[in-house]
Amino acid sequence: MTTILAIETSCDETGVAIVKKRKIFSNVVSSQIQIHRRYGGVVPEVASRQHLETINHCIIQAINEAKLNWDDIDGIAATCTPGLMGALLVGVTAAKTLAILHQKPFIGIHHLEGHIYASYLSQPELMPPFLCLLVSGGHTSLIHVRDCGDYSILGSTRDDAVGEAFDKVARLLDLGYPGGPVMDKLAQTGNPFKFTLPEGKISLPTGGYHPYDSSFSGLKTAVLRLVEKLKTQDSLLPVADVAASFQETVARVLTKKTITCALDYKIPTIAVGGGVAANSGLRQHLQVAAQEHNLNVYFPPLKFCTDNAAMIGCAASERLSRGYSSPLNLKVQSRLSITETTQLYN
Ligand SMILES: Nc1ncnc2c1ncn2[C@@H]1O[C@H](COP(=O)(O)OP(=O)(O)OP(=O)(O)O)[C@@H](O)[C@H]1O
Ligand SMILES: [Mg+2]
């Protein structure tokens, strides 16, 4: 009774998937990256229009690929927060329309809950409690996942999200958009110890540094200054070394904070989610450190790190099986804390 057709349109990927618990019947993702690339970032109005163009095709494709019909679907889900308002509205309106048409419950899902559930899709044995390191274009959070809907935020960023920092540094190195994947590739050919960059420590009034919160704007500015200095020199800009040194610093900082948090709170399992979970440097650092401290760490496969509807369907399947559904007048919200998901349900 928990087969879900799920829709994800919070940013620049139109996703439709059919999922039952951790089993995926179909997972269609239509990326708008090529369209936004020429602007150097996501243009919200363009994103909404593109979702509108694509959504019906994606729904039909997801149904066809799953080889199911509407009788087999128990609920219709969509990401309803956080994200771009116009973009969210397209997915939520499509989901509500299908729910009315086929007389199925509608389930609104918090986008970050989707990123948390991405780990379940590939790890049949993963069960809460665990610590989720959520690293994406808009978030850098350490979330204690106690159960479905029972989350507390133990750490977050004071300024830029880590994916945003990757994108901004890539832009100043003229590497295009989105920056993360190209920086990662380039970093693998550079020397990660060539340049020493600041770790963005946050001082506490009581002395010492905040153990779990992060800050990336100082690091980003340090790279800007470094690049300006290097450009005054005659030799070619060592782009790969800059990318590798940046990535090394980010991976080291995030690993230190995650491991400290897991040990302090005695949480033996870490699951990483969001686009930056694809990063090879972060994967390497965290895997080594987790092993040293006898912790388990799980990374979703790359296709579940960035936005997709399978993760939304997985979360919605769990929600519906526990009796949660959303009112048909549920509004989209550009921001909502992951700790406030109860307001999405009847
Ligand atoms: N291999 C990689 N290394 C580093 N960053 C990466 C990599 N692959 C993708 N990213 C970054 O991940 C981000 C996109 O991730 P995601 O789709 O989860 O974010 P979002 O949906 O825009 O934000 P949010 O989920 O917070 O709303 C981009 O900033 C991109 O540069
Ligand atoms: Mg996302």
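Some observations on this one:
- Filter result for the condition that a residue is surrounded by 17 or more Cβ atoms within 10 Å (Cβ to Cβ), closer than 20 Å to VAL239 by Cβ and outside the structural domain of GLN333 (by TED's automatic domain parsing), over ASP160, ASP167, ASP174, ASP213: ASP167
- Members of the range 2-51 found to be more than 17 Å from the chain's Cα centre (by Cα) and within 13 Å of ligand 1 (Cβ to nearest atom), listed by number: HIS36, ARG37, GLY40, PRO44, ALA47
- The single residue among CYS261, CYS314 that is within 15 Å of SER141 (Cα to Cα), surrounded by 13 or more Cβ atoms within 10 Å (Cβ to Cβ) and of a type outside the set (S, T, N, Q) turns out to be CYS261.
- Of the listed requirements (1) out of contact with any helix residue (DSSP H, G or I) (no Cβ under 9 Å at 6 or more places or on another chain); (2) part of a loop (DSSP other than H, G, I, E, B), GLY137 misses just one: (1).
- Here ASP74 fulfils each of the conditions (1) closer than 16 Å to LYS96 by Cα; (2) within 16 Å of ligand 1 (Cβ to nearest atom); (3) surrounded by fewer than 19 Cβ atoms within 10 Å (Cβ to Cβ); (4) among the charged types (D, E, K, R) apart from (2).
- Candidate set from the range 17-54 (those that are within 16 Å of ligand 2 (Cβ to nearest atom) and touching a residue at least 60 places away in the same chain (Cβ under 8 Å)); member that is surrounded by the most Cβ atoms within 10 Å (Cβ to Cβ): ALA17
- For the condition farther than 16 Å from GLN247 by Cβ, part of a strand (DSSP E or B), more than 16 Å from ligand 2 (Cβ to nearest atom) and of a type in the set (A, V, I, L, M, F, W, C), ILE143 does not qualify.
- Verdict on GLN287 being modelled with pLDDT of 95 or more and either under 20 Å from the mean Cα position of the chain (by Cα) or outside any helix (DSSP H, G or I) (or both): yes
- Of all residues assigned to the range 62-71, at least one qualifies as being modelled with pLDDT under 95, of a type outside the set (A, V, I, L, M) and either out of contact with any strand residue (DSSP E or B) (no Cβ under 9 Å at 6 or more places or on another chain) or crowded, with 24+ Cβ neighbours inside 10 Å (or both).
- Residue among VAL239, VAL276, VAL288, VAL253 that alone is of a type in the set (A, V, I, L, M) and closer than 30 Å to CYS80 by Cα: VAL276
- THR249 buried (at least 21 other Cβ atoms within 10 Å of the Cβ), more than 19 Å from the chain's Cα centre (by Cα) and either polar (S, T, N, Q) or over 30 Å from PHE106 (Cα atoms) (or both): yes
The values are calculated or read from the model by the stated rules, or taken from the named source; none is laboratory data. Being a predicted model, the structure only gives us computed values, none of them experimental. With ideal geometry, Cβ positions are generated from the backbone for all residues, glycine too; neighbour counts draw on all protein chains shown.
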